[in-house]
Amino acid sequence: MRQEKTDPVLSGKSTSLDNIKESLLFKDIDADQVNGIIAAGHWLQVEPGHYIYRQGTHALRFFIVADGYVELLLNNDCGYQSVVGRIGPGGHFGETSLLTGSCNSIDTRALSETTLLCFNADTFNTLLLAQQSIKHHLCIALAERLRVSFRDHANTQGSNSKKQRRTSRNAGPSFLEQFHLATGTMSREIKGGSRPVGSTISRQIEKAVGQLSGNLDPVLISGELGTGRRMLAYEIHRASAYRNGPYSEIDVLEVSAAQIDVELFGFDQEAPAFSEIGHYGIFEKSAGGTVVLYSAEHMEPDLQRQLSAIIRRKVFTRVGGAREVPLQSRIILICRDTPRQQDGHNRLLPSLFSLVAGQHVRAAPLRSHRKDIPELVQYYLRRYCLQYGKSINEVEDRTLGMIMNYDWPGNLDEMASVMQRAVILGRSNHPLNSQILLGVPKPEGKWEFNLLRLQTVRRVLASPLYPVLPRLVIGLILLFVLTTLLLGPAEPKKNLGLVLSWEVGWPLLVFFFFFLARTWCSICGLALPGWLAQIALKPRRQTPEFIKRYSGWIAASLCILLFWVELAWNGYESPRLTAWILLSIITGAFIFSIFFERRVWCRYLCPLGNINALFSMSSILELRANSQMCMNHCSDHSCYNGSAAVSGCPMFRHPFMVDNNRDCILCAKCIKNCRQDSIHLNLRLAPQELWNQRSPRLEDNFLIVSLAGIFHPFAMNQGYYLLDENWFRLLGHAQQSSGSVLSCSMFFFFCILLHLSGYALFALVMARMSGSSWKTTAAALGYGYIPLLLAAFLALYLEILMVGFSLVQANLLDFFGIAGSPLPGRLLSRDATMVLQCITIIGGLFASLVACRNIVKRLPTELVHSGFVLYFPAALLCLSAAIYLQLLL
């Protein structure tokens, strides 16, 4: 620990003697007098980390640093220990207590192997103070140290919360202690005593702490956001040998790349005898403690290489300096998942990863240990009840099931937020019910205009006639169409129902997708029989879990099946087949309406609704709620639960949690029920939901890419059937109809498989470059294709619509037996239509380029700044747009 030597000449320590002689104290004293002073002292060896004296003791000695470094530490009343200075070779300390006769006011600790020249009180007073120059320098140094100490102490107290600097001393119970206090008894009530108290998360922390507390080597903690990585780092610190030292956190993303070196290592200055703490970095300020680098994967590669060398050599240099400073802090790196990648962008370089790979802990996401959710619910319930002075001791079984089924993309952070809101909105002595709000809402945007500010729009949507009256009108039109399809002429061009279905109705439906989002689903006549049956029967069955879990894949398959039937059997020329297609959708909606509450078919299974849901994500219209109003002022949540006059949301979505158009059909029930004026019907400029998806779904991207493949046979309608005849001749079928169906089917599925395989390869390339998984990348990139794909369908149906109205006119004249010739065949000339088609495709291309760029930027990589990662998707989009223009024009 400490070893005193009486021999004034240390073997091999000529450098130490030189440092003493060059001290500012002896600047104006001749060499003989300096040698005499040195001879009057005695030598002290101190090992790194050991204290020379402690605050409050009476070590009445004066010290001059011959070799090494000494750290000055101040303990405050709150338990924080702040560094107020460093003493280097030639510096001195200890004179304050000798001059004032009081106890030592600070701790002094050796940062490295240190050699000190010591003088007792008598020698200090009779020999050193007798020299006026020494006395003068001591007074100046004392004044300067007091000024710096008081200033930095005040700054440290004021910045503790800003820099999240804390120590384990007087820190109160840890998370584990709080967790066991909150769940130790209640978990038995929930579990019925079937398993011992505890959880995966607490066992994970205890296991990691047990493995890592026996050494001070650097640690890597990875995992998703909100999985308790900071909490785990703090528990590791509490259990380590540095538990009484400072604990500092720094978020790499909050410090600029130009400033991060200074923040970590400090910058060099002159005056080696006494350095101000303001010039020191986190590593020096946290000596004897723990430094946590949050978002460490965002460190620049050069900084990672520098940090690797520091960890290996245990020393670093300040910015602008050459003197090596010993590293006496434990380093903990906190990263997102998959922390290693060869190029080091948004990942750790192999050189740094290899140093922490042996002490790598991964924080598991909450969805991987759902059995612990009830205990965590009780923990947060108890915590926020104490905070807000409420008494809510239980959760309804149905609500707990809803919590258990939720995927918790925000993990513990999201659960804490949800439970906090639930306690704020809940009532004391009442169980927590289904009003609990799951998920993180989208904040209100800037490029939006709330159409409900217009009183005409508000009156229409708040009217009891909406959407009932439009739905009845559409239902009557649908009844007329079905009657004409089944009983009208078999010739396609003369069947009014067929013309209304394919030449007018379906094209208008696609335009609905862009201009009115999912409004069509709220007035759809196909669901009218089921709606009427539901009013009479009032079913209360919940949606089966199987449908909820696999609804995306089921609906995507039904969409492909629908298009396949239309194209392979040429439903556009067959009134009877068109009627059966419509009747099959009506039947599906009717069956699910009589067995299950609300609109299960419309949300989960309807093929038309699913296509509408995807395309509406790029619509110019959206319905959102004011999150602050919902969270802080609403207590009944009638927008979701319904009221006596108006039922709740038919799509099982709280408007507060709606962050995309996919799950809202704009039925306006929430507008009618909300008494807080919280609902906004926004006219928006940019569909940010395309790149702000919190839970992107792979099945959505599967359908998007499949629709892109279907577009080609759909657009090549005339040449498509010529291709069928070639297939027929090649296969030598006896009947053209069977050959046509087979060849159509082969070409249809070939286009889909070609696009799916191409997209899978594209996602694989992007995943390799970003370092994320293929599934994560493939589930995100497809959304950027939606605007261009919608624009292609809009351009295609624009031409069909221009011709379709003339066919409607001619059929109406025949239907009512009116003699005369119809008006000219097109609403717009072909040239004008082509101009509009070009504008539509170019607009869709621009929107897709913006969306894809933002999606790529959200991938966990800094390679977004490289040309290839940005231009590769852009090039594919431009190629697709050129193909669409070639097909259409």
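Against the criterion of being modelled with pLDDT of 90 or more, surrounded by fewer than 20 Cβ atoms within 10 Å (Cβ to Cβ) and of a type outside the set (S, T, N, Q), residue 796 does not qualify.
Per-residue answers, yes or no, for (1) at pLDDT 80 or above; (2) in contact with a strand residue (DSSP E or B) (Cβ under 6 Å, 6 or more places away or on another chain); (3) open to solvent by 30 Å² or more (accessible area, probe 1.4 Å); (4) within 30 Å of residue 90 (Cα to Cα):
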{"site": "195", "(1), (2), (3), (4)": "no, no, yes, no"}
{"site": "198", "(1), (2), (3), (4)": "no, no, no, no"}
{"site": "216", "(1), (2), (3), (4)": "yes, yes, yes, no"}
{"site": "219", "(1), (2), (3), (4)": "yes, yes, no, no"}
{"site": "242", "(1), (2), (3), (4)": "yes, yes, yes, yes"}
{"site": "257", "(1), (2), (3), (4)": "no, no, yes, no"}
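For segment 100-141, a residue qualifies if it is touching a Ser or Thr at 6+ places or on another chain (Cβ under 9 Å) and within 18 Å of residue 57 (Cα to Cα), and the qualifying residues are 102, 103, 104, 105, 106. Of the numbered criteria (1) without any contact (Cβ under 8 Å) to a residue 40 or more places away in the chain; (2) in contact with a Cys (Cβ under 7 Å, 6 or more places away or on another chain), the one residue 392 fails is (1). Among the conditions (1) within 23 Å of residue 99 (Cα to Cα); (2) open to solvent by 60 Å² or more (accessible area, probe 1.4 Å); (3) outside any loop (DSSP other than H, G, I, E, B), the only one that residue 28 does not satisfy is (3).
Criterion applied to 596, 652 was being surrounded by fewer than 20 Cβ atoms within 10 Å (Cβ to Cβ), closer than 17 Å to residue 534 by Cα, touching a strand residue (DSSP E or B) at 6+ places or on another chain (Cβ under 7 Å) and touching a residue at least 40 places away in the same chain (Cβ under 8 Å), and the one residue passing it is 596. Of everything in segment 669-703, what is surrounded by fewer than 20 Cβ atoms within 10 Å (Cβ to Cβ) and among the acidic types (Asp, Glu)? Give them in sequence order. The answer is 677, 699.
Quick grid of which residues meet (1) open to solvent by less than 30 Å² (accessible area, probe 1.4 Å); (2) modelled with pLDDT of 85 or more; (3) under 16 Å from residue 758 (Cβ atoms):
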| site | (1), (2), (3) |
| --- | --- |
| 840 | no, yes, no |
| 846 | no, yes, no |
| 854 | no, yes, no |
| 857 | no, no, no |
| 864 | yes, no, no |
| 870 | no, no, no |
| 877 | yes, yes, yes |
| 888 | yes, no, no |
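If you go through segment 354-378 and keep only what is in a strand (DSSP E or B) and touching a helix residue (DSSP H, G or I) at 6+ places or on another chain (Cβ under 8 Å), you end up with 361, 363. Report, by residue number, each residue of segment 319-330 that is open to solvent by 20 Å² or more (accessible area, probe 1.4 Å) and among the basic types (Lys, Arg). Hit for segment 319-330 is 323, nothing else.
Of all residue pairs spaced 6 or more apart or on separate chains, those with beta-carbon atoms under 6 Å, a first member in segment 220-248 that is over 30 Å from residue 51 (Cα atoms) and a second member that is open to solvent by less than 30 Å² (accessible area, probe 1.4 Å) and of a type in the set (Asp, Glu) are 226/414. If you check 576, 624, 549, 603 for being within 30 Å of residue 711 (Cα to Cα) and surrounded by 19 or more Cβ atoms within 10 Å (Cβ to Cβ), only one passes: 603. Residues of segment 379-433 being part of a helix (DSSP H, G or I), out of contact with any helix residue (DSSP H, G or I) (no Cβ under 7 Å at 6 or more places or on another chain) and open to solvent by 50 Å² or more (accessible area, probe 1.4 Å), which ones? Matches in segment 379-433: 386, 387, 397, 398, 402, 405, 413. Hey, could you check segment 73-93 for residues that are open to solvent by 10 Å² or more (accessible area, probe 1.4 Å) and modelled with pLDDT of 80 or more and say which is nearest to residue 25 (Cα to Cα)? It comes out as 92.
The values are calculated or read from the model by the stated rules, or taken from the named source; none is laboratory data. As the structure is a computational prediction, the values presented were derived from the model and not from experiment. When we count neighbours, we look across all protein chains shown, and the Cβ atoms used for this are built from the backbone with ideal geometry, even at glycine. Just the protein is used for accessible areas: all its heavy atoms, side chains included, with ligands, DNA and RNA removed. Shrake-Rupley method; radii C 1.70, N 1.55, O 1.52, S 1.80 Å.
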